Amino acid sequence: MKQFIFFLLLFNASSSFAQRNAIGTFFDHLPYKQGQQLEILGTKVYCQSGPGLFAYDNEDESIERLNTISGLTEMGVSCISAHEASGTLVVGYSSGNLDFIRGNEILNRADIIRANIISNKGINSIHFYGDTAFICTGFGLVLYSMTKTEALGTILVGPNESYQNLQSSMVFQDTIYASSSTGIWQAPISSDLSDFHSWVKDSNSINFNVNALFSFNNELYINAEGFSFQSDTVYRKSGSTWEYFDLLSNETNSSFKVYSDLLLVSQSTAVEVLDKNWNNVRRVFDYQSNITPAPRDAAWDAVNNTLWVADFNQGLVKSNDPFNNEILTPSSPATASSQSVFSIGEQVMVAAGSRTNNWLNTFSAPHVFILEENEWSGLNVFTVNALATVNDLIDVTSFDGDNIYVASYGGGLLHFKEDQLLETFDNRNSSLRNIVGDSTYVAISGLDFDSDGNLWVGNSRSLAPLHVRTVDGEWAQMPVTGFSSSDFSGRLMHTSWGHVWLSLPKRGILVYDYNNTPLETDDDQYRFLSKGATSGNLPSLEVEFMAEDENGEIWIGTNLGLRVFFSPRRVFDGGTQGDASEILIQQEGYTEVLFDQESITGIVIDEANRKWLGTQNSGLFLLSADGKDQIHNFTQRNSPLFSDRIISLGLMDPTGELFIGTDKGMLSYKSEATSPFAEMENLYVYPNPVKPKHAGLIAIKNLSDGADVLIVDASGALIYQTTAMGGQATWDGRDNNRRDAANGVYLVLASSPDGSIRGKTKILLAR
């Protein structure tokens, strides 16, 4: 059995809210609305959605999220299948990994992923025949015993044991069939399946992609996937030939499920339930919402006469009758993408567009996700019709939390309020510029507000890369010269020094000093920072991220390492005094450059001035305030992190929750550092009382910055002392000798560093 022991994990959290509020825990924000596959096992309905899973329990109506945080081996679920006899859900991954879930146990089998096979190892489908699982992979069939949960062998069905990308399989009338992009292969089930001579290609089958096999009314059917925008075609086996079956053709068929005398067909916009006479006994085509159904799979609960639907737009749908449908999906973003994360107060906004590494378009669908009071909402084509003509939303910001500004890489600057698109700014109604030769293409690369509420805008591939929209609504372009429509701009940051820093892919950084007068440019100055001494001393011209810390220092992440401008006000002074500096660390007696040659994809500064760094290949790092000490390095190997490739980072300052965008989806981590409080009149402890099942840290909240915290017992003896990180301190429930503190009431005494502010509260240990 897979042992998933991790000090940050609270597997049995009583609720998602409780888990998100436990220090040192991860919480997922996966796209559970992207329902793709369904399986019913016992009282639970399992729904594969995006890269993960969730399960709805019909008995207690609870929802369980299943991903690496809860113990799955990895992300990237490609298929699921339920084996009722053993009570097992088999989870297949695009990597070739397999998880077997029985009750609360997860057993991993990595035979396929470890196999010495140079081919696609992804799991395409899983079919059961008795106690044997037939696993269709990118190279052939792998058989597993469901009683022993062990591999029985690998079968290469092609000529001379060649690889075949098998999509589905099934046993019908003593013959096993396997479909591929080249047609159908078959063999007697009683033959030696490991001998490729047992397998023959059905010369009468369709010679293009057969993606599904199913039997109904004691007849065998195949679904041939349509090319381009063409519909699928269904064929029925008649003797040795395959005949066209018109009742199910001329549609896009996502899945076929057979339940005794019922056939469930999931099509592009509806689920059809057919009896043995091909009569339609139920049809689900509307969920009574403003979103068109997009079913991908369905399952039938005969006991409760309930149809379950996995919908790509809604997630899990329970249909008791055609006009009584209930959506039972965890609150989540609509996709796994997260190009940019911004927070204001306890509100998080995510721009879910994308662009290439060299700042070209990917034409991604328009999505902005908003998290508020533990619920996700979204701005997309379903909620805002005007977004139908816009794509590649790559940055988002807000000054007040109500007015939201979004950067479209090609569609200009978008202004939203209360789920309405109020304005679109482009070359027609602002100072923004289009690219040469295309008057409709206005690429916005980065956004940031200054402390006065002026919005600074990066305008890529334009002759004028930097603009401002004042708090009064006036626009102006900054007089920066030397740009052409082939020059890119990237991320933008306004600093406490009153400067604007704009990354320039392939050129470095533009630093612009507007002298606190955005509309008066006569006294402005600017400078380009690049590689080499006296020129900025960047390790690379490809600047990925910039962040200003509590001391006003500028931390720069590039594709070749990290640098810090310790004196950013001096970048205009010339010489080396305005150059970026390396951070030198000691490793095994040697002096090394911190993150030398590492691609830095995100930098966030927390309330303790610590640095969170996302990387291209090495996961997530937490560094001390000066960057010289590594506190954490979270990777896939030592944590529930979905992927070691970090796309974006964002911090909810008041709570200390760090949002981590990866290429496999978004998750968050509850850190120790939170926003400080000016007073300490309302100290708060969570959890309190501390009950027996609590295995994490105890948080003391609402502290002033850097407060000294003492924990004493009823006799006045000092048990533990620590210092607040921002507005929060933590205690692991042990005394200074690292022994578990006895149950009882403890007094918490807090004092600001200068002793001018004090607070107190109590903690009850009842473990």
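Observations, loosely collected:
- Selection of region 81-127 for residues being part of a loop (DSSP other than H, G, I, E, B), within 23 Å of Ser70 (Cα to Cα) and in contact (Cβ under 8 Å) with a residue 12 or more places away in the chain yields Glu84, Ser86, Gly87, Ser94, Ser95, Gly96, Asn97, Gly103, Ala110, Gly122.
- Tally, over region 394-414, of residues that are farther than 19 Å from Asp438 by Cβ and surrounded by 17 or more Cβ atoms within 10 Å (Cβ to Cβ): 8
- Within region 42-54, residues that are surrounded by fewer than 22 Cβ atoms within 10 Å (Cβ to Cβ) have Cβ atoms under 7 Å from residues that are part of a loop (DSSP other than H, G, I, E, B) and among the charged types (D, E, K, R) in these pairs: Thr43/Glu59, counting only partners at least 6 apart in sequence or on another chain.
- Check on Gly532, buried (at least 22 other Cβ atoms within 10 Å of the Cβ) and more than 33 Å from the chain's Cα centre (by Cα): no
- Test result for Ser462, modelled with pLDDT of 95 or more and in a loop (DSSP other than H, G, I, E, B): no
Condition check ((1) closer than 24 Å to Ser530 by Cβ; (2) in contact with a Cys (Cβ under 7 Å, 6 or more places away or on another chain); (3) of a type in the set (A, V, I, L, M, F, W, C); (4) not assigned by TED's automatic domain parsing to the domain that holds Gly578) across all residues:
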site: Asp395; (1), (2), (3), (4): yes, no, no, no
site: Phe416; (1), (2), (3), (4): no, no, yes, no
site: Gly437; (1), (2), (3), (4): no, no, no, no
site: Leu455; (1), (2), (3), (4): no, no, yes, no
site: Met478; (1), (2), (3), (4): yes, no, yes, no
site: Met493; (1), (2), (3), (4): yes, no, yes, no
site: Pro505; (1), (2), (3), (4): yes, no, no, no
site: Gly508; (1), (2), (3), (4): yes, no, no, no
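- Restricting attention to region 339-397 and to residues that are hydroxyl-bearing (Ser, Thr, Tyr) and within 21 Å of Ser675 (Cβ to Cβ), the residue that is nearest to the chain's Cα centre (by Cα) turns out to be Ser343.
- Residue count for region 657-703, restricted to those that are closer than 21 Å to Ser331 by Cβ and outside any strand (DSSP E or B): 1
- In region 369-390, the residues that are over 13 Å from Pro333 (Cβ atoms) reach residues that are in a helix (DSSP H, G or I) and modelled with pLDDT of 90 or more with C-beta atoms within less than 8 angstrom, at least six apart or across chains, in these pairs: Val381/Leu387; Val381/Ala388.
- Residues of region 128-160 satisfying the condition of being among the small types (Gly, Ala, Ser), touching a residue at least 12 places away in the same chain (Cβ under 8 Å) and surrounded by fewer than 17 Cβ atoms within 10 Å (Cβ to Cβ): Ser145, Gly153
- Filtered residues of region 741-756 (kept if among the aliphatic types (A, V, I, L, M) and over 16 Å from Ile700 (Cα atoms)): Ala741, Ala742
- Extreme residue, surrounded by the fewest Cβ atoms within 10 Å (Cβ to Cβ), among residues of region 619-638 that are out of contact with any strand residue (DSSP E or B) (no Cβ under 7 Å at 6 or more places or on another chain) and closer than 17 Å to Met75 by Cα: Arg637
- Counted residues, region 369-401 - those being of a type in the set (Ser, Thr, Tyr), farther than 23 Å from Met666 by Cα and touching a strand residue (DSSP E or B) at 6+ places or on another chain (Cβ under 6 Å): 0
- Filter result (modelled with pLDDT under 95 and assigned to a strand (DSSP E or B)) within region 286-306: Trp300, Asp301, Thr306
- Considering Ser145, Ser95, Ser86, Ser119, the condition of being in contact with a helix residue (DSSP H, G or I) (Cβ under 7 Å, 6 or more places away or on another chain) and not hydrophobic (A, V, I, L, M, F, W, C) is satisfied by Ser95 alone.
- Residue under evaluation Arg637, criteria (1) of a type in the set (Lys, Arg); (2) touching a residue at least 60 places away in the same chain (Cβ under 8 Å); (3) assigned by TED's automatic domain parsing to the domain that holds Gln587, criterion not met: (2)
- Index of the failed condition, Thr576 passing every other in (1) assigned to a strand (DSSP E or B); (2) within 26 Å of Trp497 (Cα to Cα): (1)
- Selection from region 238-285 of residues that are assigned to a loop (DSSP other than H, G, I, E, B), closer than 28 Å to Glu84 by Cα and more than 38 Å from the chain's Cα centre (by Cα): Ser260, Asp261, Asp275, Lys276, Asn277, Trp278
- Looking across Ala386, Ala336, Ala365, one residue alone is surrounded by fewer than 23 Cβ atoms within 10 Å (Cβ to Cβ), in a loop (DSSP other than H, G, I, E, B) and not assigned by TED's automatic domain parsing to the domain that holds Val258. It is Ala365.
- Boolean, Trp278 is aromatic (Phe, Trp, Tyr) and surrounded by 22 or more Cβ atoms within 10 Å (Cβ to Cβ): no
- Members of region 501-514 found to be modelled with pLDDT under 95 and within 19 Å of Arg469 (Cα to Cα), listed by number: none
- Counting residues in region 545-561 that are assigned by TED's automatic domain parsing to the domain that holds His467, under 20 Å from Ser462 (Cβ atoms) and either of a type in the set (Phe, Trp, Tyr) or touching a residue at least 40 places away in the same chain (Cβ under 8 Å) (or both) gives zero.
The values are calculated or read from the model by the stated rules, or taken from the named source; none is laboratory data. From a predicted model like this one, the values you see are computed outputs, not experimental measurements. Glycine also receives a Cβ, built like all others from the backbone with ideal geometry; neighbour counts cover every protein chain displayed.
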